Each structure stands twice: as C-alpha cells, then as structure tokens.
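Written out below as structure tokens is the structure these notes cover.
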Amino acid sequence: MRLTALQDTFAHEVLDLNLWKDLDERTLNRLRIAWRRHGVLLFRRQSLSESELVRFFSHFGKSEVIVRTDWQSRNRDEVIHISNMKDASGRSIGGLGSGELDWHSDQSYMTHPATGALLYMVEMPNEGGATYWANLQQAYDALNEETRSQIADLEAIYDYAKRQSSYDDEAPLSASLRRKTPPVLHPLVCVNPQTRRQSLYIDPSTMVGISGVSAKKGAALLAQLSAHATQPRFVYTHHWQIGDVVMWDNGQVLHRRDHFGEATPRWLKRLTCQLSPEHHLIPASRLYLGN
C-alpha cells in the first residue's frame with residue numbers, strides 16, 4: 001500500500017490495495033491514520049458488491065442509515081444510491097438528479113451527524129459531474145485574527161428544508177421528514193481531539209443564520225466564511241472514473257458537485273458512518289429552539 005498526494009493538495013490516492021479483499025489490522029490502521037491526517041482518500045479500479053462496500057467501511061465506524069429511506073438500496077439499508085437513472089417502471093433509483101450541488105457537509109442538519117462518508121462510482125457520463133472537496137482546517141488557519149476572535153463562540157443554525165429546496169428533483173419537505181430533521185445548532189469553530197488543530201465547520205447549503213446574531217449580519221458573515229473556505233487554494237477537484245472509491249471526513253472538508261447532462265446516466269453508491277470522537281473532529285451540536 002502506498003499513498004500519493006493528488007494535485008499537490010491535501011487529498012491522497014491509496015495505491016496497490018484491493019478493497020474487496022480481507023485487510024489486515026496493520027493496513028487498516030495505516031488507512032485510519034491517513035484518513036485522519038488528510039481528510040480525503042481515493043482508491044481507483046475497485047470492483048465491489050454492496051456487502052463488500054459495507055464490510056470495508058465498517059472498519060472505520062458504525063454504518064448509518066440516513067433519513068432519506070427513499071434513496072436506499074433494496075439489498076442493504078446502509079447503502080444509498082445517488083443517481084439520475086430510473087428503473088424499468090420509470091421510478092428513480094436514487095436521489096439528487098443531475099443538477100449542480102452547492103458546497104455542503106453531509107448530515108450537518110442532524111444533531112449527531114455521521115461525519116464519515118464514502119462514494120463508489122458505478123456509472124458515469126463522459127462529461128460533467130466532477131466533485132470538489134474544500135479543506136476547512138486549511139481555511140481556518142488562513143483566517144485573520146480578527147475573524148477568528150469574532151467567530152470563536154458562535155453557533156450556526158442548520159435547516160434541512162433549505163438544502164432540500166436546492167435539489168432539482170425534489171418536492172417540498174414532507175411533514176414526516178420535517179419531524180426527523182428539526183433545525184439544529186453547530187459551532188462555527190471545532191477542535192480536532194488528537195492534534196488540537198482548529199477548523200471551521202460550515203455548510204452553505206444548509207445554514208440559515210447564526211444564533212444570537214441579526215439575520216442580516218449573520219447571513220453576511222456566513223457568506224464571507226463560505227467564500228473564504230472555498231477558494232481554489234483549499235480545493236481538490238476530482239474527475240471520476242468508473243470503479244473509484246472516495247472516502248472523506250465531513251468534519252474536515254466540504255464538498256460539491258458539477259452539473260451533468262440530464263439524459264446521461266450517472267450512478268454512485270454512498271455510505272456514511274459514525275466516526276470516533278476520540279480520533280475525529282465531531283461538531284458539538286444541539287436542537288435549535290429559537291433566539
């Protein structure tokens with residue numbers, strides 16, 4: 001097993017490893033350390049069943065069954081499908097369509113977000129659909145002292161209704177999904193439990209304000225932080241190949257997706273897992289009850 005930096009960024013490719021095989025504990029520990037250190041890992045040329053995907057990812061944390069049960073695999077509840085494709089009956093096999101997805105952090109709308117995530121590319125278009133990851137630790141390090149002091153104790157308000165409204169294939173938020181996803185609070189600044197390194201924790205697609213701050217000032221500050229964190233110097237751009245597996249730590253990075261042609265098929269399988277708060281940056285959180 002070897003690691004190499006991708007595009008001279010924080011993301012790394014893992015070479016000479018077949019994820020469908022049984023991996024020994026020494027190899028798994030090297031992967032755990034690399035993931036904590038770099039935030040994004042890529043494995044190319046993989047060929048995996050859903051059970052093999054779940055087995056591999058279970059070495060890093062407890063698999064999570066997300067609130068979007070309509071996107072679930074019929075074989076494994078832990079696996080969801082991200083796709084614009086339809087089955088023989090004309091029903092969508094997954095979610096998120098073919099439109100552009102703004103910068104976001106998975107499950108930031110939950111009080112206990114599963115910050116570990118994995119995507120496996122099964123079918124893809126010839127053009128479009130690139131995915132980008134932005135390093136929030138590097139972004140925090142580059143903030144000036146005035147901004148660091150300003151945001152040190154602030155909490156952002158997250159609301160799933162805002163995120164769903166941006167999807168190109170979605171109806172308004174249902175009452176049952178609203179009950180599962182009430183607004184929550186997360187701190188704007190979090191600390192890595194091992195390195196004590198500070199990091200931003202933001203999600204432009206889901207944040208609707210800052211607790212205790214006026215709507216106008218809160219929106220301006222969140223826009224400023226989001227623009228800062230997604231500058232090209234903090235970003236890794238991934239051009240997919242069939243068989244790619246990418247895993248990332250939502251406590252360290254944001255991600256987004258480019259638009260691709262509506263008539264061209266794209267199909268990924270995704271897993272999320274609960275990472276250890278002893279080794280990974282997990283945002284402290286609570287329900288938002290209003291200012």
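Only the coordinates and a few stated rules stand behind these numbers; no lab work does. This is a predicted model, so every value here is computed, not measured. Cβ placement follows ideal geometry from the backbone for every residue including glycine, while neighbour counts extend to all protein chains displayed.
Taking other Cβ within 10 Å of each residue's Cβ, how do 148, 270, 74 sort, fewest first?
74, 148, 270
With 10 angstrom as the radius, rank 217, 180, 269, 162 by how many other C-beta atoms surround their C-beta, starting from the fewest.
217, 180, 162, 269
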Please give, to one decimal in nm, the separation of the simple spin-label points placed at residue 231 and residue 287, each 7 Å out from Cα toward the Cβ.
-> 4.0
So what does the Cα-only Debye profile of segment 243-286 read at q = 0.17, 0.18, 0.29, 0.31 Å⁻¹, as log10 I(q)/I(0), no solvent term?
-> -0.71, -0.76, -1.27, -1.32
Among [x] 50, 45, 40; [y] 49, 45, 33; [z] 115, 39, 36, the entry matching Cα extents along the principal axes in Å as calculated here is [y]
Non-local residues with an amide H under 5 Å from the amide H of residue 267, with H modelled 1.01 Å from N and Pro and chain starts lacking one, are 122, 123, 124
Determine the sum of side-chain charges near residue 187: Lys and Arg each +1, Asp and Glu each -1, restricted to other residues whose C-beta is under 14 angstrom from that of residue 187.
-> -1
Distance in nm between residue 153 and residue 87 label points, each 7 Å along Cα→Cβ, equals 5.3
Taking 158, 132, 120 and counting other C-beta atoms within 10 Å, the order from fewest to most | 132, 120, 158
Debye, to nearest 20: dipole size of segment 2-287, +1 on Lys, Arg Cβ, -1 on Asp, Glu Cβ = 440
Protection proxy (average C-beta count within 10 Å per residue), highest first, orders 35-42, 247-254, 14-21 as 247-254, 35-42, 14-21
Taking 7 Å along the Cα-to-C-beta vector as the label spot, tell me the residue 52-residue 180 distance in nanometres, rounded to one decimal.
-> 2.9
Links exceeding 28 Å between C-alpha atoms in this model, out of 86/162; 62/217; 162/216; 21/62; 62/269; 162/269, come to 62/217
Provide the net charge surrounding residue 25, with neighbours chosen by a C-beta distance below 15 Å and charges set as Lys +1, Arg +1, Asp -1, Glu -1.
-> +3
Which of 63, 176, 214 moves most in a GNM of the chain, Cα contacts under 10 Å?
-> 176
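Quick check on segment 136-291: what does the Kirkwood estimate of hydrodynamic radius come out to from the alpha carbon pairs, in Å? Intermediate values should be presented prior to the final figure.
Working: mean 1/r = 0.0573 Å⁻¹.
For segment 136-291, inverting the mean 1/r across all distinct Cα pairs yields 17.5 Å.
When only C-alpha pairs under 8 Å and at least 6 residues apart count, what is the relative contact order of segment 2-287, in percent? Intermediate results must be reported in sequence, preceding the final value.
Numbers: 606 pairs, mean separation 93.8, N = 286.
That works out to 33 percent.
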